[in-house]
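Encoded as structure tokens, the structure appears first; notes follow it.
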Amino acid sequence: MTILRLIFNIAWFVLGGFVMGLAWWLAGILCFISIIGIPFGRACFVIGEMAFWPFGQESVSRKQIKGYEDIGTGSAGMIGNIVWFVFFGIWLAIGHLTHALACFISIIGIPFGIQHLKLALLSLTPIGQTVVPKAEY
């Protein structure tokens, strides 16, 4: 499975993952302009790495990993996600949806389109999420 994952990640990177990864990192740099935006920027860089190499990774709530709520998974995280959605989330989601539609044109692009849809959902509410390696069965 590892070699197949590597092949898919390289193809993803060449066929559009690079662009969306840079978009996430650009959003992260813009978030770091203000002190309030630093947690948003950190999330952008973590998810941006996933946008570069999505196969073999998944996003999960930090509450599932830690077993308790923290500031990002509670009500403050919900407010942060609303602010995020207004300024960056909608634009990143549109970018991922556009790439997904382009990928769905061919049969070979379907796995890439599915990854773009996952990232589009994640781009709407990234606060309180973290990226972990996918469990292999």
Just grab the label-to-label distance for Val83 and Lys134, each label 7 Å out from Cα along the Cβ direction, in nm (one decimal). 3.4 nm
Relative contact order, percent, the stretch 2-133 [alpha-carbon distance under 8 Å, six or more residues apart]: 29 percent
Suppose every K and R has +1 on its Cβ and every D and E has -1 on its Cβ; what is the size of the dipole of the stretch 2-133 about the Cα centre, in Debye to the nearest 20? 100 debye
Mean-square fluctuation maximum in Gaussian network of the chain, Cα pairs under 10 Å, restricted to Ile114, Ile36, Ile90, hits Ile36
Which residue fluctuates most in the GNM of the chain (Cα springs below 10 Å): Gly48, Gly21, Gly37? Gly37
Sites Ser106 and Ile3 - FRET efficiency at Förster radius 25 Å, r taken between beta-carbons, to 0.05: 0.65
The alpha-carbon center of the stretch 77-137 and that of the stretch 1-47 are separated, in whole Å, by 11 Å
Okay, helix-only estimate at 222 nm for the chain: each DSSP H run of n ≥ 4 adds -39500 (n - 2.57), divide by all residues, round to 500 deg cm²/dmol; what do you get? -19000 deg cm²/dmol
Under 5 Å from the placed amide H of Trp53, counting only residues 5+ away or on other chains, we find none
Calculated from the structure, semi-axes √(5λ) of the Cα gyration tensor in Å equals which of (1) 91, 33, 13; (2) 34, 17, 13; (3) 25, 18, 12? (3)
Looking at the chain, do any whole DSSP H helices span at least 18 angstrom along their long axis by alpha carbon and average 1.6 or above on Kyte-Doolittle, and which? 18-31
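All of the numbers you see were taken from the coordinates with simple rules; none came from a lab. This one's a predicted model, so the numbers in the text were calculated from it and none came from an experiment. Positions of Cβ are generated from backbone atoms using ideal geometry, with glycine treated the same way; all protein chains shown enter the neighbour counts.
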